[in-house]
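Have a look at this one before I ask anything.
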Amino acid sequence: MFKNKYNFWGFIALLVGLSWLNAGCLSAPSYEYKGTVLEPPASLPDFELADTSGKSFHLYETKGDIALVYFGYTYCPDVCPLTLHDVKEALAGLKTGRERVQLIFISVDPERDTPEVLKRYLAAFDPSFVGLRGDFEKIKEIMKPYGAFAEKESTTDSAAGYLVSHSARLFLVDPQSQLLLTYAYGFEADDLRSDLEYLLQQQKL
């Protein structure tokens, strides 16, 4: 098989090199998402709602980028503002690719969240955040593929007259318009930033 000992030892060296390469590939750590992963990612239907300028907005407009979808309302006393603050912090820390991540805030209280109110509210966090609204029944249909919900609740403890009980999760929609990750209320901004940086890097490969 081998004409001389040099060919033999060259063959052995090649085998050793390949074994080291394979070992390196097998031992290379894989990234672990910080958010809750959907396996497999869930395909999402497109939807159409009006933004704060009255223009039509479709989910599929974000295809090729990353969308962070959140269902909330401006009269929310705690969960919504804290979540938006965490998203703001996560996005502010991105080294590159910030323009490829869009926060979409869908109001579950369209009765009080007028375009003006919604625009002013989101601008306090980040002017680039997109606010959407529409008929409440339509919004509840849009929420279903996300596993989200919203219901009005009367209360005597609020000057607003009623509150809206709603899902507190943040939903990450990947560049293929699939629901890939969700984040429970109280997630760490650094965790969201880490997942975003990984996904943005994967899109460059």
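Tell me, which residue of region 32-73 that is more than 21 Å from residue 189 (Cα to Cα) and of a type in the set (Lys, Arg) is surrounded by the most Cβ atoms within 10 Å (Cβ to Cβ)? Can you show your working first?
First pass over region 32-73, keeping only residues more than 21 Å from residue 189 (Cα to Cα): 39-64.
Still in the running and of a type in the set (Lys, Arg): 55, 63.
On the way: 55: 7, 63: 14.
Out of the qualifying residues, it is 63.
What number of residues in region 27-79 are more than 18 Å from residue 135 (Cβ to Cβ), out of contact with any helix residue (DSSP H, G or I) (no Cβ under 9 Å at 6 or more places or on another chain) and part of a strand (DSSP E or B)?
6
Listed here are the residues, each with its yes/no results for (1) over 22 Å from residue 201 (Cα atoms); (2) surrounded by 15 or more Cβ atoms within 10 Å (Cβ to Cβ); (3) among the small types (Gly, Ala, Ser).
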{"site": "75", "(1), (2), (3)": "yes, yes, no"}
{"site": "83", "(1), (2), (3)": "yes, yes, no"}
{"site": "86", "(1), (2), (3)": "no, yes, no"}
{"site": "108", "(1), (2), (3)": "yes, yes, no"}
{"site": "111", "(1), (2), (3)": "yes, no, no"}
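For region 24-52, give me each residue that is at pLDDT 95 or above and among the acidic types (Asp, Glu).
32, 46, 48, 51
Would you point out the residue of region 139-158, among those that are in contact (Cβ under 8 Å) with a residue 40 or more places away in the chain and under 23 Å from the mean Cα position of the chain (by Cα), that is nearest to residue 66 (Cα to Cα)?
146
Also: Taking only region 116-135 into account, find how many residues are part of a helix (DSSP H, G or I) and surrounded by fewer than 16 Cβ atoms within 10 Å (Cβ to Cβ).
Restricting attention to region 116-135, the residues satisfying the condition of being part of a helix (DSSP H, G or I) are 116-123.
The next check asks that each one be surrounded by fewer than 16 Cβ atoms within 10 Å (Cβ to Cβ); those that pass are 116, 120, 123.
Within region 116-135, residues that are part of a helix (DSSP H, G or I) and surrounded by fewer than 16 Cβ atoms within 10 Å (Cβ to Cβ) number 3.
Restricting to region 89-114, what's the tally of residues that are without any contact (Cβ under 8 Å) to a residue 40 or more places away in the chain and in a helix (DSSP H, G or I)? Working first, answer last.
So the first thing to find is which residues in region 89-114 are without any contact (Cβ under 8 Å) to a residue 40 or more places away in the chain, and the list is 92, 98-99, 103, 105, 107, 110-111, 114.
Keeping just the survivors that are in a helix (DSSP H, G or I) gives 92, 98-99.
Here the count works out to 3.
For region 101-141: of the residues being in contact with a Leu (Cβ under 7 Å, 6 or more places away or on another chain) and among the aromatic types (Phe, Trp, Tyr), which is nearest to residue 86 (Cα to Cα)?
125
Does region 110-138 hold any residues that are farther than 21 Å from residue 92 by Cα and among the aromatic types (Phe, Trp, Tyr), and which are they?
Residues of region 110-138 farther than 21 Å from residue 92 by Cα: 110-118, 132-138.
The one that is farther than 21 Å from residue 92 by Cα and among the aromatic types (Phe, Trp, Tyr): 136.
The values are calculated or read from the model by the stated rules, or taken from the named source; none is laboratory data. Source: prediction; values computed, not measured. We place every Cβ from the backbone using ideal geometry, glycine too, and count neighbours over all the protein chains shown.
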